[in-house]
1. Condition test on MET398, is it more than 10 Å from ligand 2 (Cβ to nearest atom) and within 26 Å of the chain's Cα centre (by Cα)?
2. Which condition breaks for GLU370 when tested against (1) in contact (Cβ under 8 Å) with a residue 40 or more places away in the chain; (2) open to solvent by 50 Å² or more (accessible area, probe 1.4 Å); (3) touching a Ser or Thr at 6+ places or on another chain (Cβ under 8 Å); (4) under 23 Å from GLN242 (Cβ atoms)?
3. What's the total number of residues in region 375-389 that are without any contact (Cβ under 8 Å) to a residue 40 or more places away in the chain and near ligand 1 (Cβ under 10 Å from one of its atoms)?
4. If you check ASP182 against the conditions, is it surrounded by fewer than 22 Cβ atoms within 10 Å (Cβ to Cβ), in a helix (DSSP H, G or I) and at pLDDT 95 or above?
5. For region 253-281: of the residues being touching a Ser or Thr at 6+ places or on another chain (Cβ under 8 Å) and in a strand (DSSP E or B), which is surrounded by the fewest Cβ atoms within 10 Å (Cβ to Cβ)?
6. For region 420-437, which residues satisfy the criterion of being open to solvent by 10 Å² or more (accessible area, probe 1.4 Å) and either away from ligand 2 (no atom under 11 Å from the Cβ) or part of a helix (DSSP H, G or I) (or both)?
7. What do you reckon, is GLU381 within 11 Å of ligand 2 (Cβ to nearest atom), open to solvent by less than 80 Å² (accessible area, probe 1.4 Å) and at negative phi?
8. Return yes when LEU392 is open to solvent by less than 10 Å² (accessible area, probe 1.4 Å), modelled with pLDDT of 95 or more, within 12 Å of ligand 1 (Cβ to nearest atom) and under 23 Å from the mean Cα position of the chain (by Cα) and no when it is not.
Amino acid sequence: MANAAFQNEELNTFKHGVHPLENKGATSFRAIERVPFVKEYVMPLSQHIGAPSVPIVSTGQEVLRGERIADPGGFVSTTLHSPVTGRVTSLGPRLHANGKMMPAITIEADPYASQRAQPQERPDPAKLDNRAFAKQLQDAGLVGLGGAAFPSHVKVQIPEGKKIEYVVINGVECEPYLTCDDRLMVERPEAVIRGTRLLMDNTGARKAFIGIEANKPDAVEALRALAPGEIVISPLQVKYPQGAEKMLIKALLGLEVPSGGLPLDLDVLTNNVGTTAAIADWFDLGIPLIERVVTVTGPGIPHPRNLLVPLGTPLSALIEYCGGLRKETKQLIMGGPMMGMTQKSLDVPVMKGTSGLLALTRVFQVDIQEYPCIKCGRCLESCPMFLNPTRLAHLAKMKVVDKLADYNLMDCFECASCSYTCPSNIPLVQWIRIGKVMAREAQNKK
Ligand code: SF4
Ligand code: SF4
């Protein structure tokens, strides 16, 4: 039915991959709602890939919503801003989504504040060279909002001797259940187009492609109504993991990012659709990254919703707003079911990379009966990187670490397609992750 909207168009995709049940119907038509402000916000210093941010506030200090509270801790690191007007109550460790106690800035919200963010000063983007533009993205605290949380300024900065021909905007949202990007494209298409235009103008790209799976016809229509000719809105076949940047580039441009290479090697810059809208918000409104859209859904949630959530909000507040947790709930996942992180506590805060909160009534992919490998080859056929998952998992299990590189272990980006498709329920991706840890340890020893 989704593809009926595009029956006269050729829908491209990448090779291999899997087709998990989409399960997006509970929230795909639900407009984004702002979640009410709560008493306390926790901002972990590590909510992006790279070095942790460094606090510039002290305990007891009053802060305004949108005020800078931590500086980047290095080049691959970014800024943090207060999600609320209130008072810093602690700089100590708090529970992180990774299950560990990690350094964080805790802020008590001022119950009498209006909680309107004060627009910040920002320069005219037309006057910025590539370095200065990238620095602005770092100042705005922008990271990939699709889940990876890679600092945006690092991606945007073009190294000496390189160029960008194409900007690729990722509106694929191929993880089951999640609809936050879909709703953003439907409700704020002007911000997505504006952010795309800003990226094109600054990098000198001559064309942009916004890739959207064909199960989001409203998003395609909303963007097509606004997009100029040089920004192409491309509906794609529905297949997981098309949202991985290498797969998306293959689907849109037919180009292969080489093993160990980057999109930049093909003169391509990729960016998530939410991040793209956030770039527009920074340059046009002066609002840094202090909130994001989160899909709260799954059979364990009575009233699934897409919520606009200040960063640092505890997961418990999202659950409460969506009617509490059904007693049948067996597993809570931050993100989507394929690549998300299982959560043990509702005290964990929403972070920059939190795209969803999923409450499942049966455990997904783990703790299920495992059987011997029947050599069916399905894991090979599903792997979008053309790896041999069963071989990699076997080598990791047997601790044959020196052979893992021969099978391109590090090309695996842990999409879990192999585990999902395995009829013997072998936790292939978990073994591959263990293999990566062992390989890194062996490398460090050397
Ligand atoms: S081996 Fe890695 S990249 Fe290939 S399907 Fe498995 S998890 Fe995905
Ligand atoms: S999918 Fe599972 S059973 Fe089939 S070859 Fe791969 S590991 Fe073996």
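1. Details: more than 10 Å from ligand 2 (Cβ to nearest atom): yes; within 26 Å of the chain's Cα centre (by Cα): no.
So MET398 does not fit the description; no.
2. (4)
3. Step one: filter region 375-389 for residues without any contact (Cβ under 8 Å) to a residue 40 or more places away in the chain, giving 375, 377, 380, 387-388.
So of that shortlist, the ones also near ligand 1 (Cβ under 10 Å from one of its atoms) come out as 380, 387-388.
Of the residues in that region, 3 qualify.
4. Numbers: surrounded by fewer than 22 Cβ atoms within 10 Å (Cβ to Cβ): no; in a helix (DSSP H, G or I): yes; at pLDDT 95 or above: yes.
Considered against the rule, which asks whether it is surrounded by fewer than 22 Cβ atoms within 10 Å (Cβ to Cβ), in a helix (DSSP H, G or I) and at pLDDT 95 or above, ASP182 comes out as no.
5. LEU269
6. Going residue by residue through region 420-437, those that are open to solvent by 10 Å² or more (accessible area, probe 1.4 Å) are 420-423, 425-427, 430-431, 433-434, 436-437.
Matches in region 420-437: TYR420, THR421, GLN430, TRP431, ARG433, ILE434, LYS436, VAL437.
7. Details: within 11 Å of ligand 2 (Cβ to nearest atom): yes; open to solvent by less than 80 Å² (accessible area, probe 1.4 Å): no; at negative phi: yes.
Against the criterion (within 11 Å of ligand 2 (Cβ to nearest atom), open to solvent by less than 80 Å² (accessible area, probe 1.4 Å) and at negative phi), GLU381 does not qualify.
8. On the way: open to solvent by less than 10 Å² (accessible area, probe 1.4 Å): yes; modelled with pLDDT of 95 or more: yes; within 12 Å of ligand 1 (Cβ to nearest atom): yes; under 23 Å from the mean Cα position of the chain (by Cα): no.
So LEU392 fails the test.
The values are calculated or read from the model by the stated rules, or taken from the named source; none is laboratory data. It should be emphasised that the depicted structure is a prediction, and the values quoted were computed from it without experimental measurement. Glycine gets a Cβ as well: all are built from the backbone with ideal geometry, and neighbour counts include every protein chain shown. The protein model used for the area step is the full one, side chains on, heavy atoms only, and it has no ligands, DNA or RNA in it. Shrake-Rupley method; radii C 1.70, N 1.55, O 1.52, S 1.80 Å.
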